[in-house]
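Colleague: The structure that follows is given in the form of structure tokens.
The values are calculated or read from the model by the stated rules, or taken from the named source; none is laboratory data. Since this is a predicted model, take the numbers as computed values, not measurements. Note: ideal-geometry Cβ built from the backbone for every residue, glycine included; neighbour counts use all protein chains shown.
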Amino acid sequence: MKDRLTTNSKPATRKTLSVKPDLSSLRILVVDIEGSQADILSRGLFLFNYGDAHVVNADNALRILKSSAGESIDLILMQTDLPAHEIMSLIFDIEGARPDVPVIVVTNSVFTTRPIAVNDMGLSILPSPFDMDKLDYEIRKHTLQRGL
């Protein structure tokens, strides 16, 4: 019998996500555009026992993702209050560098202009202020879908 946490043949559900795999080796790139939530995000990730969280701004994030160091990034967590169209532009740049890395966006912006594009891209959009339990759920969902 296959372990449901290691197979990616079925979508992640609340039941499969209730068992917390060890994600202490997960490498998360935190992109904090305005620099206002970096401490909160890093502290929250640490308290939920996530691995290495490296906090950068947008320019440095793209530089890292395009370099050999970017190959070790497992997930991108972006916090911003930019307008939705600017966030999408940045996400397209990120996907150009690392299309295989899931992106979770924490924002106050409303994604009404292209909600289908957001869903098709597999993005998770969390409203700010965010619930750390919901963020934990989204991170585990993405890691299970990728088989990490």
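Colleague: Sort through Gly70, Gly44 and tell me the only one that's of a type in the set (Gly, Ala, Ser) and closer than 11 Å to Arg98 by Cα. Please lay out each step first, then the result.
Modeller: Details: Gly44 fails: closer than 11 Å to Arg98 by Cα.
Only one candidate passes the filter, namely Gly70.
Colleague: Quick one: how many residues across the range 87-108 are of a type outside the set (S, T, N, Q) and assigned to a strand (DSSP E or B)?
Modeller: Start the filter on the range 87-108 by keeping residues that are of a type outside the set (S, T, N, Q), which leaves 87-88, 90-106.
This time we only want the ones that are assigned to a strand (DSSP E or B), so: 103-106.
Of the residues in that region, 4 qualify.
Colleague: A follow-up question, please. State which residue pairs qualify: first residue under 19 Å from Val106 (Cβ atoms) and inside the range 44-64, second residue exposed (fewer than 15 other Cβ atoms within 10 Å of the Cβ) and aromatic (Phe, Trp, Tyr) in any location, beta carbons under 8 Å apart, and separation of 6 or more residues or different chains.
Modeller: Sorted first by the residue in the range 44-64, then by its partner, the pairs are Ala53/Phe46.
Colleague: Quick one: which of Gly51, Gly122, Gly35 is within 19 Å of Thr143 (Cα to Cα), loosely packed, with under 12 Cβ neighbours inside 10 Å and modelled with pLDDT under 85? Spell out the reasoning first.
Modeller: On the way: Gly51 fails: loosely packed, with under 12 Cβ neighbours inside 10 Å; Gly35 fails: within 19 Å of Thr143 (Cα to Cα).
Criteria check complete, one pass: Gly122.
Colleague: Does Arg63 meet the test of being in contact with a helix residue (DSSP H, G or I) (Cβ under 6 Å, 6 or more places away or on another chain) and modelled with pLDDT of 85 or more? Walk me through it before giving the result.
Modeller: Numbers: in contact with a helix residue (DSSP H, G or I) (Cβ under 6 Å, 6 or more places away or on another chain): no; modelled with pLDDT of 85 or more: yes.
No; evaluated as a whole, the condition is false for this residue.
Colleague: Considering the range 72-81 alone, what residues qualify as being closer than 11 Å to Val31 by Cα, of a type in the set (A, V, I, L, M, F, W, C) and either touching a helix residue (DSSP H, G or I) at 6+ places or on another chain (Cβ under 7 Å) or at pLDDT below 85 (or both)?
Modeller: The first filter runs over the range 72-81 and keeps only residues closer than 11 Å to Val31 by Cα, leaving 75-80.
With the extra rule that they be of a type in the set (A, V, I, L, M, F, W, C), the set shrinks to 75-78.
Within the range 72-81, Leu75, Ile76, Leu77 qualify.
Colleague: Could you please tell me which pairs satisfy a Cβ distance under 6 Å, a separation of 6+ or placement on different chains, a first residue in the range 83-107 that is within 19 Å of Phe130 (Cβ to Cβ), and a second residue that is in a strand (DSSP E or B) and not β-branched (Val, Ile, Thr)?
Modeller: Within 6 Å, the pairs are Pro102/Leu75; Ile104/Leu77; Ile104/Ser124; Val105/Met78; Val106/Gln79; Val106/Leu126.
Colleague: Small (Gly, Ala, Ser) and modelled with pLDDT of 85 or more: which single residue out of Ala84, Ala117, Ala69 fits that description?
Modeller: Details: Ala84 fails: modelled with pLDDT of 85 or more; Ala117 fails: modelled with pLDDT of 85 or more.
The match here is Ala69.
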